[in-house]
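Taking it in order: structure first as structure tokens, then the write-up.
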Amino acid sequence: DGDRSSVEQMIKQVDRLIGMVSCYLDATRVSKDLLHLNINQCNLDTLIRDVFQQYTEFLNQNKMSYRVACPSNLFTDCDSERIEQVIVNLISNSVKHAPGSLIEVEVIPSEQDVTINYRDQKTESQPEDLKKSQEGFGIGLFINKQIIEAHLGKFKSEFKEGRMTCEITLPLHLAQAGERATRIIPEGKDLFFIKSFLGHE
């Protein structure tokens, strides 16, 4: 049992390091104003549910639950790995700042785009406290914003009625398919943030 506990702790540390390295790599790419996307048709319902399924045990360990409402066979043109990364970042954010909460994901399609509403029920902190804690996870939300904008979509998040709410809008169809590189020009404050994070002047 002692060995098992040590191994579990090592696995958690390795996972945390992998996440940090991934963030650094993505931050470096964004700081160079370039993200590579591999655009294909993706079943959004399957993608979202698969991500949560992979993290079910992790969520259970933190006494969290989730609910996903998405039309079946909802296809969109996107880089599935990048969209998965966005969802994972949001889940990690919820686990870090709102343990014991309920995560709700609602996907609403329209004729030209699809909106993903992500929110978690804050049960242990007030919105003011969460605003302070969010500063330590700004890199994940920043990368999410860049990934969604690279898809010609929109990403925004806010605190409302004790919840961290994220709204993601993605076009159902992109003009270009296959692998492509997308130029990104971050806003001045975002560029300053990312350069400071990477240690650039």
In the range 58-67, is there at least one residue being modelled with pLDDT of 85 or more, under 30 Å from Q112 (Cβ atoms), open to solvent by 50 Å² or more (accessible area, probe 1.4 Å) and not charged (D, E, K, R)? yes
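Considering only residues that are more than 13 Å from M64 (Cα to Cα) and not acidic (D, E), which ones fall in the range 84-108?
At the first step, the residues of the range 84-108 found to be more than 13 Å from M64 (Cα to Cα) are 84-90, 105-108.
Q85, V86, I87, V88, N89, L90, V105, V107, I108, listed by residue number.
Considering only residues that are assigned to a strand (DSSP E or B) and open to solvent by less than 20 Å² (accessible area, probe 1.4 Å), look in the range 19-52 and name the one that is modelled with the lowest pLDDT. Full working, then the answer.
Step one: filter the range 19-52 for residues assigned to a strand (DSSP E or B), giving 34-43.
Checking which are open to solvent by less than 20 Å² (accessible area, probe 1.4 Å) leaves us with 35, 37, 39, 42.
Details: L35: 71, L37: 84, I39: 90, C42: 93.
Restricting to residues being assigned to a strand (DSSP E or B) and open to solvent by less than 20 Å² (accessible area, probe 1.4 Å), the top hit is L35.
Criterion first (in contact with a strand residue (DSSP E or B) (Cβ under 8 Å, 6 or more places away or on another chain) and modelled with pLDDT of 55 or more) does F159 satisfy it? Steps first, answer last, please.
Working: in contact with a strand residue (DSSP E or B) (Cβ under 8 Å, 6 or more places away or on another chain): yes; modelled with pLDDT of 55 or more: yes.
Answer is yes for this residue.
The values are calculated or read from the model by the stated rules, or taken from the named source; none is laboratory data. This structure is a prediction, so every number in the text was calculated from the model and none was measured. Glycine also receives a Cβ, built like all others from the backbone with ideal geometry; neighbour counts cover every protein chain displayed. Heavy atoms of the whole protein, side chains included, go into the accessibility calculation; ligands, DNA and RNA do not. Shrake-Rupley method; radii C 1.70, N 1.55, O 1.52, S 1.80 Å.
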